[in-house]
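The values are calculated or read from the model by the stated rules, or taken from the named source; none is laboratory data. All values reported here derive from a predicted model rather than from experimental measurement. Positions of Cβ are generated from backbone atoms using ideal geometry, with glycine treated the same way; all protein chains shown enter the neighbour counts. Just the protein is used for accessible areas: all its heavy atoms, side chains included, with ligands, DNA and RNA removed. Shrake-Rupley method; radii C 1.70, N 1.55, O 1.52, S 1.80 Å.
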Amino acid sequence: EFYYGIKTGLNAAFVIDERTRGELIAADPRSADVIKPWLRGRDVKRWAVEWDGLYVIFTRRGIDIDQYPAIKAYLAQYRERLEPGKKGGRKPGSYKWYEIQDNIAYYAEFDEPKIVYPHFNYKPNFALESSGALSNDNTYIIPGGSLYLLGVLNAHTSHFLLKNIAPAVRGDYIEFRTIYVGQVPIPEPTSEQQAAIEAVVQQLLEVGREGPEVSALEAELNRLVYEVYGLTEDEIAIIEREVGAQA
(Lines give C-alpha, C1' and ligand atoms only; values in the text may rest on other atoms or scores of the structure.)
Protein backbone atom coordinates (compact mmCIF):
# COMPACT_ATOMS: atom_id res chain seq x y z
CA GLU A 1 0.00 0.00 0.00
CA PHE A 2 1.08 3.55 -0.73
CA TYR A 3 -0.11 6.65 1.08
CA TYR A 4 0.30 10.28 0.14
CA GLY A 5 1.95 12.71 2.47
CA ILE A 6 -0.16 15.32 4.21
CA LYS A 7 -1.51 18.44 2.55
CA THR A 8 -2.32 21.12 5.10
CA GLY A 9 -3.70 23.66 2.64
CA LEU A 10 -1.64 26.41 4.26
CA ASN A 11 1.82 25.45 5.47
CA ALA A 12 2.43 28.99 6.69
CA ALA A 13 -0.12 28.34 9.44
CA PHE A 14 0.49 24.70 10.31
CA VAL A 15 4.25 24.28 9.89
CA ILE A 16 6.23 25.72 12.79
CA ASP A 17 9.77 25.78 14.12
CA GLU A 18 11.21 24.66 17.45
CA ARG A 19 10.77 28.05 19.07
CA THR A 20 7.07 28.27 18.21
CA ARG A 21 6.55 24.71 19.37
CA GLY A 22 8.13 25.59 22.70
CA GLU A 23 5.91 28.63 23.10
CA LEU A 24 2.74 26.67 22.35
CA ILE A 25 3.63 23.94 24.81
CA ALA A 26 4.59 26.49 27.47
CA ALA A 27 1.19 28.13 27.02
CA ASP A 28 -0.59 24.77 27.25
CA PRO A 29 1.24 21.43 27.69
CA ARG A 30 -1.55 19.64 25.81
CA SER A 31 -0.34 21.34 22.64
CA ALA A 32 2.41 18.71 22.47
CA ASP A 33 -0.23 16.08 21.64
CA VAL A 34 -0.92 17.59 18.20
CA ILE A 35 2.54 18.87 17.25
CA LYS A 36 4.54 16.33 15.23
CA PRO A 37 7.93 16.36 13.49
CA TRP A 38 7.54 17.41 9.85
CA LEU A 39 9.41 16.20 6.79
CA ARG A 40 9.48 17.78 3.36
CA GLY A 41 10.47 16.05 0.14
CA ARG A 42 13.90 17.67 0.29
CA ASP A 43 14.48 16.16 3.76
CA VAL A 44 14.09 12.59 2.51
CA LYS A 45 17.42 11.21 1.37
CA ARG A 46 18.61 7.79 0.32
CA TRP A 47 18.31 5.34 3.26
CA ALA A 48 17.61 8.00 5.89
CA VAL A 49 15.88 11.31 6.41
CA GLU A 50 17.57 14.55 7.42
CA TRP A 51 15.00 16.28 9.59
CA ASP A 52 15.34 20.06 9.48
CA GLY A 53 13.81 20.81 12.89
CA LEU A 54 10.33 21.65 11.61
CA TYR A 55 7.00 20.57 13.10
CA VAL A 56 3.41 20.44 11.94
CA ILE A 57 0.31 21.26 13.94
CA PHE A 58 -1.69 18.15 13.10
CA THR A 59 -5.27 19.15 13.81
CA ARG A 60 -6.90 16.27 12.01
CA ARG A 61 -10.58 15.99 11.12
CA GLY A 62 -12.89 15.80 14.11
CA ILE A 63 -10.47 17.25 16.63
CA ASP A 64 -11.99 19.07 19.61
CA ILE A 65 -10.02 22.26 19.17
CA ASP A 66 -11.26 23.70 22.46
CA GLN A 67 -9.14 21.08 24.20
CA TYR A 68 -6.10 22.87 22.77
CA PRO A 69 -6.62 26.59 23.48
CA ALA A 70 -3.04 27.63 22.66
CA ILE A 71 -3.23 25.89 19.29
CA LYS A 72 -6.61 27.45 18.53
CA ALA A 73 -5.36 30.93 19.43
CA TYR A 74 -2.25 30.48 17.29
CA LEU A 75 -4.17 29.29 14.24
CA ALA A 76 -6.77 32.06 14.66
CA GLN A 77 -4.31 34.63 13.29
CA TYR A 78 -4.56 32.81 9.94
CA ARG A 79 -8.31 32.23 10.08
CA GLU A 80 -9.27 34.14 6.94
CA ARG A 81 -6.75 32.18 4.90
CA LEU A 82 -7.78 28.91 6.55
CA GLU A 83 -11.51 29.15 5.89
CA PRO A 84 -12.54 26.50 3.35
CA GLY A 85 -14.32 27.61 0.20
CA LYS A 86 -14.06 31.34 0.83
CA LYS A 87 -12.21 33.90 -1.24
CA GLY A 88 -8.59 33.92 -0.15
CA GLY A 89 -9.09 30.72 1.81
CA ARG A 90 -8.50 27.05 1.21
CA LYS A 91 -10.29 24.72 -1.19
CA PRO A 92 -13.96 23.96 -0.48
CA GLY A 93 -14.67 21.05 1.84
CA SER A 94 -16.46 19.90 4.97
CA TYR A 95 -13.45 20.49 7.20
CA LYS A 96 -13.26 23.24 9.83
CA TRP A 97 -11.02 26.27 9.50
CA TYR A 98 -8.62 24.94 12.14
CA GLU A 99 -8.35 21.43 10.66
CA ILE A 100 -5.82 20.02 8.23
CA GLN A 101 -7.26 20.32 4.72
CA ASP A 102 -7.26 16.65 3.65
CA ASN A 103 -8.89 13.81 5.52
CA ILE A 104 -5.88 11.75 6.58
CA ALA A 105 -7.79 8.64 7.63
CA TYR A 106 -4.54 6.66 7.54
CA TYR A 107 -2.69 9.02 9.90
CA ALA A 108 -1.87 6.17 12.33
CA GLU A 109 0.43 4.66 9.68
CA PHE A 110 2.82 7.57 10.19
CA ASP A 111 3.39 6.50 13.81
CA GLU A 112 4.77 3.12 12.77
CA PRO A 113 8.06 2.28 11.00
CA LYS A 114 7.63 3.12 7.34
CA ILE A 115 9.43 3.66 4.08
CA VAL A 116 9.20 7.26 2.91
CA TYR A 117 10.29 8.71 -0.40
CA PRO A 118 10.04 12.04 -2.25
CA HIS A 119 8.04 12.72 -5.40
CA PHE A 120 11.01 13.98 -7.42
CA ASN A 121 14.21 11.92 -7.63
CA TYR A 122 17.23 11.53 -9.88
CA LYS A 123 17.77 8.05 -8.43
CA PRO A 124 15.91 5.95 -5.83
CA ASN A 125 15.77 7.80 -2.52
CA PHE A 126 13.79 5.47 -0.31
CA ALA A 127 14.39 5.92 3.40
CA LEU A 128 13.45 4.18 6.62
CA GLU A 129 11.57 6.45 9.04
CA SER A 130 10.59 5.26 12.50
CA SER A 131 10.32 8.42 14.62
CA GLY A 132 6.62 8.95 13.92
CA ALA A 133 7.27 12.03 11.79
CA LEU A 134 4.60 13.22 9.37
CA SER A 135 5.57 14.19 5.85
CA ASN A 136 4.24 16.66 3.31
CA ASP A 137 2.41 16.17 0.04
CA ASN A 138 5.68 15.96 -1.91
CA THR A 139 6.30 12.58 -0.29
CA TYR A 140 4.75 9.13 -0.07
CA ILE A 141 4.94 6.42 2.55
CA ILE A 142 4.85 2.63 2.43
CA PRO A 143 3.83 1.19 5.82
CA GLY A 144 5.75 -1.62 7.45
CA GLY A 145 9.36 -0.51 7.32
CA SER A 146 10.53 -3.72 5.59
CA LEU A 147 14.32 -3.74 5.25
CA TYR A 148 14.07 -6.22 2.39
CA LEU A 149 11.67 -4.00 0.48
CA LEU A 150 13.82 -0.95 1.21
CA GLY A 151 16.84 -2.72 -0.24
CA VAL A 152 15.05 -3.79 -3.41
CA LEU A 153 13.60 -0.33 -3.99
CA ASN A 154 16.99 1.37 -3.61
CA ALA A 155 18.77 -1.12 -5.88
CA HIS A 156 19.84 -0.53 -9.47
CA THR A 157 17.03 -2.75 -10.73
CA SER A 158 14.38 -0.32 -9.44
CA HIS A 159 16.34 2.65 -10.73
CA PHE A 160 16.52 1.11 -14.20
CA LEU A 161 12.81 0.32 -14.32
CA LEU A 162 11.61 3.66 -12.97
CA LYS A 163 13.92 5.59 -15.27
CA ASN A 164 12.30 3.83 -18.21
CA ILE A 165 8.64 4.11 -17.21
CA ALA A 166 8.34 7.32 -15.17
CA PRO A 167 8.29 10.76 -16.83
CA ALA A 168 11.43 12.84 -16.69
CA VAL A 169 11.31 16.41 -15.41
CA ARG A 170 13.97 19.03 -14.86
CA GLY A 171 16.81 17.18 -16.47
CA ASP A 172 17.65 13.86 -14.82
CA TYR A 173 14.86 14.04 -12.24
CA ILE A 174 11.91 11.70 -12.56
CA GLU A 175 8.51 11.58 -10.89
CA PHE A 176 8.02 8.70 -8.49
CA ARG A 177 4.24 8.62 -8.71
CA THR A 178 2.56 5.62 -7.11
CA ILE A 179 1.38 4.37 -10.50
CA TYR A 180 5.04 3.92 -11.47
CA VAL A 181 6.58 2.80 -8.19
CA GLY A 182 3.72 0.32 -7.89
CA GLN A 183 4.95 -1.37 -11.07
CA VAL A 184 8.29 -2.37 -9.55
CA PRO A 185 8.04 -6.16 -9.23
CA ILE A 186 9.18 -7.35 -5.83
CA PRO A 187 10.64 -10.86 -6.13
CA GLU A 188 9.95 -13.51 -3.52
CA PRO A 189 13.32 -14.31 -1.91
CA THR A 190 14.46 -17.41 -0.14
CA SER A 191 14.93 -16.95 3.58
CA GLU A 192 18.70 -16.87 3.03
CA GLN A 193 18.42 -14.22 0.30
CA GLN A 194 16.15 -12.07 2.41
CA ALA A 195 18.44 -12.31 5.44
CA ALA A 196 21.48 -11.38 3.34
CA ILE A 197 19.78 -8.32 1.83
CA GLU A 198 18.41 -7.18 5.19
CA ALA A 199 21.88 -7.49 6.73
CA VAL A 200 23.42 -5.24 4.07
CA VAL A 201 20.58 -2.70 4.39
CA GLN A 202 21.03 -2.64 8.15
CA GLN A 203 24.72 -1.86 7.68
CA LEU A 204 23.86 0.94 5.25
CA LEU A 205 21.44 2.42 7.76
CA GLU A 206 24.15 2.31 10.42
CA VAL A 207 26.97 3.89 8.39
CA GLY A 208 24.76 6.65 6.95
CA ARG A 209 24.56 7.99 3.44
CA GLU A 210 28.25 8.79 3.09
CA GLY A 211 31.49 7.11 3.97
CA PRO A 212 34.02 4.72 2.47
CA GLU A 213 31.83 1.69 3.20
CA VAL A 214 28.77 2.89 1.29
CA SER A 215 29.95 2.11 -2.25
CA ALA A 216 31.03 -1.41 -1.36
CA LEU A 217 27.84 -2.10 0.58
CA GLU A 218 25.62 -0.83 -2.23
CA ALA A 219 27.56 -2.90 -4.76
CA GLU A 220 26.92 -5.97 -2.60
CA LEU A 221 23.25 -5.04 -2.29
CA ASN A 222 22.91 -4.78 -6.07
CA ARG A 223 24.61 -8.15 -6.49
CA LEU A 224 22.20 -9.78 -4.05
CA VAL A 225 19.17 -8.15 -5.66
CA TYR A 226 20.28 -9.22 -9.15
CA GLU A 227 20.50 -12.75 -7.78
CA VAL A 228 16.96 -12.63 -6.37
CA TYR A 229 15.61 -11.46 -9.73
CA GLY A 230 17.57 -14.22 -11.46
CA LEU A 231 19.12 -11.85 -14.02
CA THR A 232 21.72 -12.94 -16.52
CA GLU A 233 25.12 -11.32 -16.89
CA ASP A 234 23.96 -9.63 -20.09
CA GLU A 235 20.87 -8.22 -18.37
CA ILE A 236 22.96 -6.98 -15.46
CA ALA A 237 25.36 -5.31 -17.89
CA ILE A 238 22.48 -3.40 -19.50
CA ILE A 239 21.28 -2.11 -16.12
CA GLU A 240 24.78 -1.15 -14.98
CA ARG A 241 25.47 0.62 -18.23
CA GLU A 242 22.34 2.74 -17.94
CA VAL A 243 22.15 3.59 -14.23
CA GLY A 244 25.48 2.58 -12.71
CA ALA A 245 27.08 5.94 -13.44
CA GLN A 246 24.27 7.76 -11.61
CA ALA A 247 24.60 5.72 -8.43
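Some notes on this structure:
- Pair Asp64, Ile25: separation of 7 Å Cα→Cβ label points (nm): 2.3
- Cα-Cα over 20 Å, subset of Lys7/Lys96; Lys36/Lys72; Lys36/Lys86; Lys36/Lys87; Lys45/Lys91; Lys7/Lys163: Lys36/Lys86; Lys36/Lys87; Lys45/Lys91; Lys7/Lys163
- Computed on the chain, the Cα convex hull volume stands at 142 Å³ per residue.
- Probe 1.4 Å, accessible area per residue of segment 91-247, Å²: 47
- Cβ-based charge dipole, the chain, positive-most Cα from Gly145, Val49, Gly22: Gly22
- Cα gyration tensor, segment 1-114 - rounded (a/c under 1.5), prolate or oblate: oblate
- In terms of packing, defined here as the mean over residues of other Cβ atoms within 10 angstrom, the peptides 131-140, 65-74 line up highest first as 131-140, 65-74.
- Efficiency of FRET from Cβ geometry, Glu175 and Ser130, R₀ 25 Å, rounded to 0.05: 0.45
- Net charge of Cβ neighbours under 13 Å - reference Lys72; Lys, Arg +1; Asp, Glu -1: -1
- For the chain, the 222 nm mean residue ellipticity estimated from helices alone, with every DSSP H stretch of n ≥ 4 adding -39500 (n - 2.57) and the total spread over all residues, rounds to -11000 deg cm²/dmol.
- Accessible area per residue was computed with a 1.4 Å probe on protein heavy atoms; Phe120 scores about 80 Å².
- Relative packing of peptides 217-230, 173-186 - highest average C-beta neighbours within 10 Å first: 217-230, 173-186
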